[in-house]
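Written out below as structure tokens is the structure these notes cover.
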Amino acid sequence: MTSLSDSLSHAADYTKGLLSRLGDYIILVIISIIPIVNFIALGYYGRVIKDGSVSKEPPKLEKYGDMFVGGLKVFVAGIIWAIPIIIISAVIATPIRVIPLSQWSQMMSPDFFANPAAMMFLIMPLLAIMGIIAFLVGIVALMGIIHMFKTGSFGKAFAIGEILNIIGKIGWLRYLAWLVVSFVLGTVIGALSWIPFIGWVIGAFLSVLLAIFLARSIGIMYDAAMSGTTAPAAPTATPPPPPPQAPTA
């Protein structure tokens, strides 16, 4: 089983390959920031996920129609996965909805809004439960989309048994650690995006690299888990042969 550090190291070397193709890099940044058109970028990241473990750099930017369809599948799969979150959230919120209107009128008075403790007592537990549910569904949905790209089947995005089995083979702790790395790196890039005037440009360029890096690393982890192999090692220099021994008398 490949380690997280090996997967991240390989993904970093892989992502650097895009920097030598500035044309593809700039085009990918541009299409990533245009609504609807950015489905092409999502489809491209899907190609990165699907790319074989022996590849050394991201695939060429071509067949835009196929990439758009791939990104559209991600969008539709995300909507479908959001449905159970919406339903569960509605069920959890039922106790609030059944409160008599007279009590709501009293609770929503200015005195209620002036009492933060009362608002937190009513709202925060529900928000916390909804957040936990959204997180649990989200981590399964994300692996489902990865499974979809790897298998080439849209239905596999919702094969919950297979998805949980894949996560189990990767290792839940390893997968959660990857999610933490993703969150931290995304937060850093998000903070850089707030730099006045040029922040959004920096964020746009770094976001593309981050997406490729994360897509490649999770793709490597998926392949290693399903095949039982380790991540491809970086090439190392072959040591020179030892000098010949002097003949002895």
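The values are calculated or read from the model by the stated rules, or taken from the named source; none is laboratory data. Just so you know, these numbers come straight off a predicted model, no measurement behind them. Don't worry about glycine lacking a Cβ; one is built from the backbone with ideal geometry, like all the others, and counts go over all protein chains shown.
Below, the figures for the structure above:
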{"item": "Restricting region 13-45 to residues that are of a type in the set (Ser, Thr, Tyr) and touching a Leu at 6+ places or on another chain (Cβ under 7 Å), the residue that is surrounded by the most Cβ atoms within 10 Å (Cβ to Cβ)", "result": "Tyr44"}
{"item": "All positions within region 1-58 that are over 17 Å from Met226 (Cβ atoms), assigned to a loop (DSSP other than H, G, I, E, B), of a type in the set (Val, Ile, Thr) and in contact with a helix residue (DSSP H, G or I) (Cβ under 8 Å, 6 or more places away or on another chain)", "result": "Ile33, Val37"}
{"item": "Near pairs, Cβ below 9 angstrom, 6+ apart or cross-chain, from region 68-93 (of a type in the set (S, T, N, Q)) to any residue that is surrounded by 14 or more Cβ atoms within 10 Å (Cβ to Cβ)", "result": "Ser89/Leu126; Ser89/Ile129; Ser89/Met130; Ser89/Ile133; Ser89/Ala134"}
{"item": "Filtered residues of region 45-60 (kept if of a type in the set (A, V, I, L, M) and either closer than 20 Å to Ser20 by Cβ or touching a Ser or Thr at 6+ places or on another chain (Cβ under 8 Å) (or both))", "result": "Val48, Val54"}
{"item": "Region 13-72: number of residues that are more than 14 Å from Arg216 (Cβ to Cβ), out of contact with any Phe, Trp or Tyr (no Cβ under 7 Å at 6 or more places or on another chain) and aromatic (Phe, Trp, Tyr)", "result": "2"}
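Listed here are the residues, each with its yes/no results for (1) in a helix (DSSP H, G or I); (2) more than 26 Å from Leu22 (Cα to Cα); (3) at pLDDT 95 or above.
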position: Pro196; (1), (2), (3): no, no, no
position: Ile202; (1), (2), (3): yes, no, no
position: Leu210; (1), (2), (3): yes, no, yes
position: Leu214; (1), (2), (3): yes, no, yes
position: Pro232; (1), (2), (3): no, no, no
position: Thr236; (1), (2), (3): no, yes, no
position: Pro243; (1), (2), (3): no, yes, no
